[in-house]
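K.L.:
Here you go, one structure.
The values are calculated or read from the model by the stated rules, or taken from the named source; none is laboratory data. Just so you know, these numbers come straight off a predicted model, no measurement behind them. All Cβ positions, glycine included, derive from the backbone under ideal geometry; neighbour counts span all protein chains shown.
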Amino acid sequence: MRSWVLHAADRLAGAIGVPGDKSISHRSLLLGAMAHGTTEIRGFLRSQDCLATLHALRALGTEIQEAPDGCVRIVGRGPDALREPETILDAGNSGTSLRLLTGLLAGRPFCSILTGDASLRRRPMRRVVEPLTAMGATLLGREAGRYPPLAIRGAELSGIAWKTPVASAQVKSAILLAGLQALGETSVTEPMLSRDHTERMLTAFGVVPQRRGTTVSVPGKARLAAASLSIPGDLSSAAFFMVAAAARPGAELLIRDVGVNPTRAGALEVLAAMGATITQARQRDEAGEPVADIHVRGARLRGTAIGSDLIPRLLDEIPALAVAAALAEGETVISGAAELRVKEVDRLSALAGELAKLGVQVTEERDRLRILGGRRPRGTLVSSRGDHRMAMSLAVAGLFAEGETRIQDVACVETSFPGFARLLLEVAPDCGIREVGD
Ligand code: S3P
């Protein structure tokens, strides 16, 4: 098992860029494969999760070229050109790969089987199985469709109006990818707006979804035209560095070319409410996605309340924000966060357990975390529990801890952020982060 060892860093400064956005990278491949013509993607995230989607699409017969300069070209021949895969498609650790591919494959007239690693095989799938079955596909999964592997027999689908009980961009996107192939219009209504990358990217591919409140609809039998896309840096990856700088009074950090889509940008508001100075410069728009350079000036942070209305807009940043809370003066309450229990690991329980090992006072409730911050963490042995965002958040905590912090099981970071440790060493050289084998 691979581990990181690091120490507190006295200084943190620099100007960096982070790798491409994971959610947008997945979608660029999927829509590129459904489109007609050659789609060009710059800034694609070559992480294990996105490569799982890429390999699955190749197994379905899509031609995808990877140029030495990092540009990815997808030769799209429309959904009808996709072919039955000869073997089981492996989504690895990636819920986005598995759920979005399920939506795409529900509309294809052949049989496919999707699986993933032990973590993904424990994640809930009924949320996509039910609507796709209602549209006319046949889906089978373990425990009556609850868990992968999923077997999909695609069909000629009918459009539906689906109301989903969870705000989930994976569920919404799976239904929309099926709906684009169906007869008639498909709409999805969510309780709160989840990230809208699919909707924005569809516009770049020439199909304009209609939005009314939290309902979005797409036309059936849509013809997508190839696009040229430039993928911004991932705000979820930037968040680890933002917290590292925000919690250190006097630290200054510039993170260039980050996606600041408002359905994702809640962490910027929370860190500002906690006392950091966060500013955006060079704001622009790339293929429908807002992009900016983010400047962070650190301060002595104060605890805050992160309510359920904010959760969809900072879902993946909660592990990093929990570390900010541990370093802040006073109490932080994160509520309405039950969805965190069905991520790569149960993140509420993982955060409570691992932060407690560092001496942080934290209480876990059903859908809530209470963190009483302000005491310096004590470096010790902690574990990512196989979750990439846990690993990186614990490394940020290690930058502030007394003594040595050792984080077990860090290979998972390759799923979203290859090169994280190198970049951390660049902005905080005193931390001396190094990888060791157990
Ligand atoms: C994602 C949606 C979110 C998020 C995940 C990526 C996406 O999951 O946590 O990391 O790309 O659509 P849910 O849709 O399950 O909330």
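K.L.:
With the checklist (1) in contact with an Asp or Glu (Cβ under 8 Å, 6 or more places away or on another chain); (2) among the small types (G, A, S); (3) in a loop (DSSP other than H, G, I, E, B) in hand, flag the one item A118 doesn't pass.
P.N.:
Condition (1) is where A118 drops out.
K.L.:
Separate question: Working only within the range 299-335, note down all residues that are in contact with an Asp or Glu (Cβ under 6 Å, 6 or more places away or on another chain) and small (G, A, S).
P.N.:
Of everything in the range 299-335, just one residue is in contact with an Asp or Glu (Cβ under 6 Å, 6 or more places away or on another chain) and small (G, A, S), namely G303.
K.L.:
Which pairs turn up if I take residues in the range 350-365 that are surrounded by fewer than 23 Cβ atoms within 10 Å (Cβ to Cβ) and look for partners that are acidic (D, E) with beta carbon separation below 7 Å, at least 6 apart in sequence or on another chain?
P.N.:
The qualifying pairs are A352/E364.
K.L.:
Another question about this same structure. Name the residues in the range 17-44 that are of a type in the set (S, T, N, Q), surrounded by fewer than 24 Cβ atoms within 10 Å (Cβ to Cβ) and within 16 Å of the chain's Cα centre (by Cα), would you?
P.N.:
Once the filter is applied, which keeps residues that are of a type in the set (S, T, N, Q), surrounded by fewer than 24 Cβ atoms within 10 Å (Cβ to Cβ) and within 16 Å of the chain's Cα centre (by Cα), the range 17-44 yields nothing.
K.L.:
Still on this structure, please answer the following. Return the only residue of T380, T415 being hydroxyl-bearing (S, T, Y), touching a residue at least 12 places away in the same chain (Cβ under 8 Å) and under 24 Å from M125 (Cα atoms).
P.N.:
Among T380, T415, only T415 is hydroxyl-bearing (S, T, Y), touching a residue at least 12 places away in the same chain (Cβ under 8 Å) and under 24 Å from M125 (Cα atoms).
K.L.:
Continuing with this model, one more query. Of these, A91, A118, A81, which one is small (G, A, S), in the same structural domain as F44 (by TED's automatic domain parsing), at pLDDT 95 or above and exposed (fewer than 14 other Cβ atoms within 10 Å of the Cβ)?
P.N.:
Details: A91 fails: exposed (fewer than 14 other Cβ atoms within 10 Å of the Cβ); A81 fails: exposed (fewer than 14 other Cβ atoms within 10 Å of the Cβ).
Every option except A118 fails the conditions.
K.L.:
Let me ask you something else. Take F110 and decide whether it is away from the ligand (no atom under 15 Å from the Cβ) and within 28 Å of G266 (Cβ to Cβ).
P.N.:
Criteria not met by F110.
K.L.:
Out of the residues in the range 342-382 that are within 16 Å of the ligand (Cβ to nearest atom) and not aliphatic (A, V, I, L, M), state the one that is nearest to E402 (Cα to Cα).
P.N.:
Filtering the range 342-382 for residues within 16 Å of the ligand (Cβ to nearest atom) gives 342-348, 350-351, 367.
Still in the running and not aliphatic (A, V, I, L, M): 343-344, 346-347, 367.
Working: K343: 30, E344: 29, D346: 27, R347: 24, D367: 30 Å.
The selected residue is R347.
K.L.:
Now a separate question. Among the residues of the range 294-313, which ones are within 16 Å of the ligand (Cβ to nearest atom) and surrounded by fewer than 24 Cβ atoms within 10 Å (Cβ to Cβ)?
P.N.:
S308, D309, L310, I311, P312, R313
K.L.:
Hey, any hits in the range 45-65 for a residue that's in a strand (DSSP E or B) and either assigned by TED's automatic domain parsing to the domain that holds R376 or surrounded by 17 or more Cβ atoms within 10 Å (Cβ to Cβ) (or both)?
P.N.:
Checking the range 45-65: at least one residue is in a strand (DSSP E or B) and either assigned by TED's automatic domain parsing to the domain that holds R376 or surrounded by 17 or more Cβ atoms within 10 Å (Cβ to Cβ) (or both).
K.L.:
Right, something else. Answer yes or no: is there a residue in the range 193-212 that is farther than 17 Å from N261 by Cβ, among the hydroxyl-bearing types (S, T, Y) and touching a strand residue (DSSP E or B) at 6+ places or on another chain (Cβ under 9 Å).
P.N.:
Checking the range 193-212: not a single residue is farther than 17 Å from N261 by Cβ, among the hydroxyl-bearing types (S, T, Y) and touching a strand residue (DSSP E or B) at 6+ places or on another chain (Cβ under 9 Å).
K.L.:
Then there is this: Condition check: within 14 Å of the ligand (Cβ to nearest atom), surrounded by fewer than 22 Cβ atoms within 10 Å (Cβ to Cβ) and not assigned by TED's automatic domain parsing to the domain that holds R99. Does G336 satisfy that?
P.N.:
When the stated conditions are applied, G336 passes them.
K.L.:
Now for a separate question. List the strands (runs of 3 or more DSSP E) inside the range 163-244, counting only whole elements, that have at least 1 residues being in contact (Cβ under 8 Å) with a residue 60 or more places away in the chain and either within 16 Å of the ligand (Cβ to nearest atom) or under 17 Å from P131 (Cα atoms) (or both).
P.N.:
In the range 163-244, 228-230 are the strands (runs of 3 or more DSSP E) which contain 1 or more residues that are in contact (Cβ under 8 Å) with a residue 60 or more places away in the chain and either within 16 Å of the ligand (Cβ to nearest atom) or under 17 Å from P131 (Cα atoms) (or both).
K.L.:
Does G92 qualify as being within 14 Å of the ligand (Cβ to nearest atom) and either of a type in the set (F, W, Y) or in contact with a Pro (Cβ under 6 Å, 6 or more places away or on another chain) (or both)?
P.N.:
Details: within 14 Å of the ligand (Cβ to nearest atom): yes; either of a type in the set (F, W, Y) or in contact with a Pro (Cβ under 6 Å, 6 or more places away or on another chain) (or both): no.
For G92, the condition - within 14 Å of the ligand (Cβ to nearest atom) and either of a type in the set (F, W, Y) or in contact with a Pro (Cβ under 6 Å, 6 or more places away or on another chain) (or both) - is not met.
K.L.:
Something else: May I ask you to say which residue of E329, E289 is in contact (Cβ under 8 Å) with a residue 12 or more places away in the chain and surrounded by 19 or more Cβ atoms within 10 Å (Cβ to Cβ)? Before you say what the answer is, go through the steps one by one.
P.N.:
Values: E329 fails: surrounded by 19 or more Cβ atoms within 10 Å (Cβ to Cβ).
Being in contact (Cβ under 8 Å) with a residue 12 or more places away in the chain and surrounded by 19 or more Cβ atoms within 10 Å (Cβ to Cβ) holds for just one of E329, E289, which is E289.
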